[in-house]
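Below: the structure, in structure tokens.
The values are calculated or read from the model by the stated rules, or taken from the named source; none is laboratory data. No experiment lies behind these values; they were computed from the predicted model shown. Note: ideal-geometry Cβ built from the backbone for every residue, glycine included; neighbour counts use all protein chains shown. For accessibility, only protein heavy atoms count, side chains too; no ligands or nucleic acids. Shrake-Rupley method; radii C 1.70, N 1.55, O 1.52, S 1.80 Å.
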Amino acid sequence: FICGEYDHLLAIFLVPGHVLTYLLFVVGGGCMASLNHTRFDIEVKGLFDTKAHDQHHVIPTCNYGQYIMLWDRIFGTYIPHPQNKERAQG
């Protein structure tokens, strides 16, 4: 948590922008990070899926992405959640 918050604060200090942009960035990121650690099944097709990060807590060497799995897919560390596999096959 602490490292993630410091990364967000560092980005705010390094990237110039409007105060409302910063507020949206911090609040939006906090909401999405909180959703990732609940048991709610929320998915924005192709962009955000709470179960993808849940898989990281089961297998710590995969799905490092907090919000999207783009870099995990690129570097081969993405493993789909078993429920997503069942849904795709069914």
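Sort out which residues of segment 52-66 are in contact with a His (Cβ under 8 Å, 6 or more places away or on another chain) and either more than 23 Å from HIS8 (Cα to Cα) or open to solvent by 30 Å² or more (accessible area, probe 1.4 Å) (or both), and write them in order of number.
GLN55, TYR64, GLN66, listed by residue number.
From the list GLY46, GLY65, pick out the single residue that is at positive phi and modelled with pLDDT under 85. Give the derivation first.
Details: GLY65 fails: at positive phi.
Only one candidate passes the filter, namely GLY46.
Restricting to segment 40-81, count the residues that are touching a residue at least 24 places away in the same chain (Cβ under 8 Å) and of a type in the set (S, T, N, Q).
2
ILE79 - would you say it is in a loop (DSSP other than H, G, I, E, B), among the aliphatic types (A, V, I, L, M) and at pLDDT 80 or above?
Judged against the criteria, ILE79 is a match.
If PHE13 satisfies every condition in (1) modelled with pLDDT of 85 or more; (2) in contact with a Phe, Trp or Tyr (Cβ under 9 Å, 6 or more places away or on another chain); (3) assigned to a helix (DSSP H, G or I) but one, which is the exception?
(2)
Mind listing whichever residues of segment 16-56 are in a strand (DSSP E or B) and among the charged types (D, E, K, R)?
Filtering segment 16-56 for residues in a strand (DSSP E or B) gives 43-44, 48-49.
Listed by number, the residues that qualify are GLU43, ASP49.
Cβ contacts < 6 Å: first residue farther than 18 Å from GLY65 by Cα, restricted to segment 12-34; second residue aliphatic (A, V, I, L, M), any location; separation 6+ or different chain. Result?
TYR22/ILE12
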